[in-house]
Amino acid sequence: MIRLTVPMLFLLLFGLCSVVTPARADDGSGAPPLFVPQLLDAQATLVGQKLDHLHSSYAGSLSLPASGDQAVSRTFGVYFGMRLPAHVAFYLDTELFTGGGINKGTGLAGYVNGDVVRAGPGSGSKQRPYIARAYLDWNWPLGATSAPVARAQDQLPGTLATQRIELKLGRLALADDFDKNRYANDTRHQFMNWDFINAAAYDYAADTRGYTDGFIAAWVQPHWTLRYGLYQMPLLANGQALAGPLGRARAEQIQLSLRPFGSDGFVLRLLAFRNIAQMGSYAQALAVAASGGTTPDIIANDRYGRRKHGYVINAELPLADAGDTGLFARWAWNDGHNQSFAYTEADRALSVGAQLSGVHWRRSGDQIGVAVDFSGLASAHRAYLAAGGCGFMLCDGALDYGRERVVEAYYRFQLGHYLQLSPDLQWIANPGYNHARGPARVVGLRMHLSL
């Protein structure tokens, strides 16, 4: 039996594309010619944050420091696209991360800087440029109606059919296609806390930098989209290396997006996911520790075949200003029996928030965002941390459990066409789900340059 891995599927699809009769280089749509790489975007983002002093009755190896902390992260990216025959495009994104995050990215479920996920293995001077995305995108029209699309990261300018079948294959960021939200999805322009970039309980497949190899199939219609994704899981929790064949470890998700009033109106996304990986069991780790009088260790009992499933309900409601003012909400749940593996340590999460356009004070490029999140743990996960167990983000040595609550507010100044400056405030009650610590207060400033 032949096992189809993601690289093999990538080559197969590329081969199929190469035997189809090429489209004309200039079809009158304004699309760029075939086989000519296009520079779609280049960006640099700098985030400086300071954690204030906080109450801490005790501390573990990953706890937020009571004395406070400060850190600066920097990301740089260059993003390319190229049109190929038969409605196919190829995208290649390269990035570089330097610096770091507060407490080296640990101590919170709702971590305060979304760009820190791109740190990857190593730190500081060891960081090197890397390939973030490299994938083929095939869009097959199902009707004659199309809409213009502008040049943007991972989006070639031209037109795109409003009814189509879309396939993507290669190195991808799962969150580019699932759990998207107009008002809370982009750490470089909107909220920076992980709880608002995606639903905290959505433990989606990704390596340490947030990318993985996978395949997406979508059926797109004007008022709804059905999307399915199959991806490789990391070999280890929060690891850079990906697991082997998809038959052994994989992440599957299916999402129905409903747009009853068209593309600029209310959107409801219903997402279900299932992860299969080399996971540890919280209950088994607790049982082993109790029988031996030791501290539970989730990694010591990990094995292939364990599963985690969950769902996300995601809504956005434009109110005014061509959609630049609106509301959003997410509710997410996962079973919480097995190890948190790729995104963050949360098993339940509810977030709500709003964005307000600066057009109301004659600064149409500016915006304000305010949001709040409530995250929690399943009983087995909670008991594991209370017994002194460690996850990849949380390890207080004990736990006086309380829901972690995050409030974030930012103002984004648009300075000219290319530069944005965003002061940011975050307040976190019960950091790491612990009444014995906090609240944590983080002041930040983000500078984003996009060409």
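The values are calculated or read from the model by the stated rules, or taken from the named source; none is laboratory data. Small disclaimer: the values here were computed from a predicted structure and weren't measured. Note that we place each Cβ from the backbone using ideal geometry, even for glycine, and neighbour counts take in every protein chain shown.
Regarding Arg363, is this residue surrounded by fewer than 20 Cβ atoms within 10 Å (Cβ to Cβ) and either among the aromatic types (Phe, Trp, Tyr) or in a loop (DSSP other than H, G, I, E, B) (or both)? When the stated conditions are applied, Arg363 passes them. Which residues, taken from the stretch 59-109, are in contact with a helix residue (DSSP H, G or I) (Cβ under 8 Å, 6 or more places away or on another chain) and among the polar types (S, T, N, Q)? Hits for the stretch 59-109 are Ser63, Gln70, Ser73, Thr75, Thr98. What do you reckon, is Ala199 within 10 Å of the chain's Cα centre (by Cα), of a type in the set (A, V, I, L, M, F, W, C) and farther than 22 Å from Thr75 by Cβ? Spelling it out, Ala199 is indeed within 10 Å of the chain's Cα centre (by Cα), of a type in the set (A, V, I, L, M, F, W, C) and farther than 22 Å from Thr75 by Cβ. For the stretch 376-389, the criterion of being at pLDDT 95 or above and farther than 23 Å from Thr294 by Cα is satisfied by at least one residue.
Scanning the stretch 214-236 for residues that are touching a residue at least 60 places away in the same chain (Cβ under 8 Å) and crowded, with 22+ Cβ neighbours inside 10 Å turns up Gly214, Gln232, Met233, Pro234.
Which of the residues belonging to the stretch 132-171 are under 22 Å from Pro33 (Cβ atoms), not in a strand (DSSP E or B) and not aliphatic (A, V, I, L, M)? Across the stretch 132-171, the qualifying residues are Arg151, Gln153, Asp154, Pro157. For the stretch 174-194, the set of residues classified as touching a Lys or Arg at 6+ places or on another chain (Cβ under 9 Å), closer than 23 Å to Gly239 by Cβ and crowded, with 21+ Cβ neighbours inside 10 Å consists of Phe178, Asp179, Thr187, listed by residue number. Consider the stretch 32-75 and keep the residues that are β-branched (Val, Ile, Thr) and touching a Gly at 6+ places or on another chain (Cβ under 7 Å). The one that is surrounded by the fewest Cβ atoms within 10 Å (Cβ to Cβ) is Val72. Out of curiosity, is Arg269 in contact (Cβ under 8 Å) with a residue 60 or more places away in the chain, in a strand (DSSP E or B), in contact with a strand residue (DSSP E or B) (Cβ under 7 Å, 6 or more places away or on another chain) and surrounded by 16 or more Cβ atoms within 10 Å (Cβ to Cβ)? It is true that Arg269 is in contact (Cβ under 8 Å) with a residue 60 or more places away in the chain, in a strand (DSSP E or B), in contact with a strand residue (DSSP E or B) (Cβ under 7 Å, 6 or more places away or on another chain) and surrounded by 16 or more Cβ atoms within 10 Å (Cβ to Cβ). Asn238: in contact with a Phe, Trp or Tyr (Cβ under 7 Å, 6 or more places away or on another chain) and at pLDDT 95 or above, yes or no? Answer is no for this residue. Can Gly358 be described as at positive phi and either surrounded by fewer than 20 Cβ atoms within 10 Å (Cβ to Cβ) or touching a Ser or Thr at 6+ places or on another chain (Cβ under 7 Å) (or both)? When the stated conditions are applied, Gly358 does not pass them. When Ala237 is tested against the conditions (1) under 18 Å from Asn181 (Cα atoms); (2) assigned to a loop (DSSP other than H, G, I, E, B); (3) among the small types (Gly, Ala, Ser), the lone failure is (1).
Contact map, the stretch 373-390: first residue without any contact (Cβ under 8 Å) to a residue 24 or more places away in the chain, second residue crowded, with 19+ Cβ neighbours inside 10 Å and not polar (S, T, N, Q), Cβ cut-off under 8 Å, separation 6 or more or different chains; pairs are Ala386/Leu399. The residues of the stretch 288-305 that are in contact with a strand residue (DSSP E or B) (Cβ under 9 Å, 6 or more places away or on another chain) and outside any strand (DSSP E or B), listed by number, are Ile298, Asn301, Asp302.
Residue count for the stretch 306-341, restricted to those that are in a strand (DSSP E or B) and touching a residue at least 40 places away in the same chain (Cβ under 8 Å): 19. Within the stretch 122-156, being touching a residue at least 40 places away in the same chain (Cβ under 8 Å) and either in contact with a Pro (Cβ under 7 Å, 6 or more places away or on another chain) or among the charged types (D, E, K, R) (or both) holds for Arg133, Asp137, Arg151, Asp154, Leu156. Considering Asp195, Asp207, Asp179, the condition of being in contact with a strand residue (DSSP E or B) (Cβ under 7 Å, 6 or more places away or on another chain), modelled with pLDDT under 95 and outside any strand (DSSP E or B) is satisfied by Asp207 alone.
Filter the stretch 372-421 down to residues that are part of a loop (DSSP other than H, G, I, E, B) and acidic (Asp, Glu) and give me whichever is farthest from Ser61 (Cα to Cα). Within the stretch 372-421, the match that is farthest from Ser61 (Cα to Cα) is Asp400. Step by step: first the residues of the stretch 403-438, then only those that are free of Cβ contacts under 8 Å to residues at least 24 places away in the same chain and not small (Gly, Ala, Ser), then the one that is surrounded by the fewest Cβ atoms within 10 Å (Cβ to Cβ). Which residue is that? Filtering first and then ranking leaves His417. Applying the set (1) assigned to a loop (DSSP other than H, G, I, E, B); (2) within 21 Å of Ala134 (Cα to Cα); (3) not hydrophobic (A, V, I, L, M, F, W, C) to Tyr202 leaves exactly one unmet item: (2).
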